[in-house]
Amino acid sequence: MVRLNGLKMPRRIYLDAHATTPADPGVVAAMLPFMNGCFANPASETHDAGRQAAAAVARARRQVADLIGAAPEEVFFTSGATESNNLAIQGSLPDTRPTGARALTLATEHSAVLDPLHALQRHGTQVTVMEVTAQGHADPAAWEQQCARQPQLVSVMLANNEVGTIHPVSALARVARRHGAMVHCDGAQAVGHIPVDTGSLGVDLLSFSAHKFYGPKGVGALYVRGGIAGSALRPLLLGGGQEEGLRSGTLNVPGIVGMGRACRLAAVRMAGDMPRLQELRDRLEAALMAAIPGARVNGDRESRLPHNLSLTLPGVDAARLAAALPSVELSTGAACAARPGKPSHVLAALGLTASESAATLRFGLTRHLGEAEIDEAADQVLGGWQRACREG
Ligand SMILES: *Cc1c(COP(=O)(O)O)cnc(C)c1O
């Protein structure tokens, strides 16, 4: 129990890591000096404070690059994966008619990939949104066939934000590149959680967001293979010419420093966190599957983020169940698309009906959890399920 405003409150058990994660205390501590003492603009080269801020940004850029096997010149800071996705997609496809350009993506992508593509479609780009298998994968033969139509850009995510499916991006990218496509990858759910190496992935562009791996909100990066020299990306934001002119705007120094620290922490902790979280996830999954007849795990149970579980409890109103849990915080699907009455496009692509989709809970574990919390969470969800069954 913790005390809050004099009330005894049960300790919250946070299981919504795919929506966001708490900033690590080490991340917050690293950021603070850049909010008060060292607040200068890193573009102010005439004074020491400005040069200190610039040095901190340079260090963070190296830390981010190191985590993904890139060179610092290949990392461009943005406000997050949404902006990185928009920059990668809108910046690499023509925005004027007649384009004749083609783009290829999968039905399970995040709306921050699908919506920019749909926007370009209105300007004449031919966009193919490929269906996926019941496990959430692109069928290899269909992928080859689509790539042979020579899209200019393909966009495929590394790990799905609802069902955690990890895509074989290096294999998909190899096919796409063989046909001359540029490859963008939304890595927002993967970077910081599983090993990501831009070299072996073979992608040209990779988007990610700090707050998805214990960094601050409002900062992210776009990896651009070869840096600005090798890319023909068109910037979305024009102005002061920061980030080699690819992303104008005064740099978010505290956020960037925090993101760098989160990358360092991820590099140090990943090897230990992955098996530990997978064990906890498997424990949660086993407890719920054993007690709830008809419960089903969505996505690819093998190639899956170690901290993800998407579970359908047939006949249950998952949103109501989640909202009634005493101290467990989890959601039913993507935070950005969790509008009542609108079934998840990801679950629909896997073949779930609207009512199955509405009966689905999404668990995302954080590195702060232990067995006691997982057991308590399982108990509370079971209690919620029993209540839902009684109420019919
Ligand atoms: C969270 C997320 C995004 C968007 O990240 P923001 O930080 O909200 O900009 C994009 N893609 C995926 C797969 C995500 O999980």
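So for the range 210-297, averaging the separation of alpha carbon pairs under 8 Å that are six or more residues apart and normalising by length, what relative contact order in percent results? Relative contact order, the range 210-297: 23 percent.
Once you have the Kirkwood Rh of the range 26-162 from its Cα pairs, apply Stokes-Einstein at 25 °C and 0.890 mPa s and quote D in µm²/s. It diffuses with D of about 137 µm²/s by this estimate. Report the normalised scattering of the range 293-392 as log10 I(q)/I(0) at q = 0.17 Å⁻¹, calculated by the Debye formula with identical scatterers on the alpha carbons. With one equal scatterer per Cα and no solvent, log10 I(q)/I(0) is -0.78. For residue 200 and residue 59, the difference between the fully extended length at 0.36 nm per residue and the C-alpha to C-alpha distance is 48.4 nm. Considering only alpha-carbon pairs that sit under 8 angstrom and 6 or more positions apart, the relative contact order computed for the range 88-132 is 52 percent. Using only alpha carbon pairs under 8 Å that are at least six residues apart, calculate the relative contact order of the chain and give it in whole percent. Once divided by the residue count of the chain, the mean separation gives 22 percent. Of all complete DSSP H helices in the chain, those with a Cα span along the helix axis of 24 Å or greater and a mean Kyte-Doolittle hydropathy of -1.0 or more are 48-67, 253-291, 371-391.
Placing R0 at 41 angstrom, the Cβ-Cβ distance between residue 232 and residue 355 gives a FRET efficiency of 0.30 after rounding to 0.05.
Normalised by 2.2 N^0.38 Å, with N the number of residues, the alpha-carbon radius of gyration of the chain equals 1.01.
Grab the Cα-Cα distance for residue 48 and residue 115, subtract it from 0.36 nm times how many residues apart they are, and report the gain in nm with one decimal.
Length gained between residue 48 and residue 115: 19.8 nm.
Checking every one of the trypsin sites (Lys or Arg not before Pro) in the range 278-382 against DSSP loop status and a limit of 15 other Cβ atoms within 10 Å picks out 301.
Run the helix sum for the chain: -39,500 (n - 2.57) per DSSP H stretch of 4+ residues, divided by residue count, reported at 222 nm to the nearest 500 deg cm²/dmol.
-11500 deg cm²/dmol
Using 0.36 nm per residue and subtracting the Cα-Cα separation, the extra length available between residue 248 and residue 178 on full extension is 21.9 nm. Magnitude of the charge dipole for the chain, about its Cα centre and with charges confined to Cβ atoms of Lys, Arg (+1) and Asp, Glu (-1), is about 380 debye.
Since every read-out is calculated from the coordinates, none of them should be taken as a lab result. Predicted, not measured: the structure shown is a model, and the values here were computed from it. Quick reminder, even Gly has a Cβ in these numbers, built from the backbone with ideal geometry, and neighbours come from all protein chains shown.
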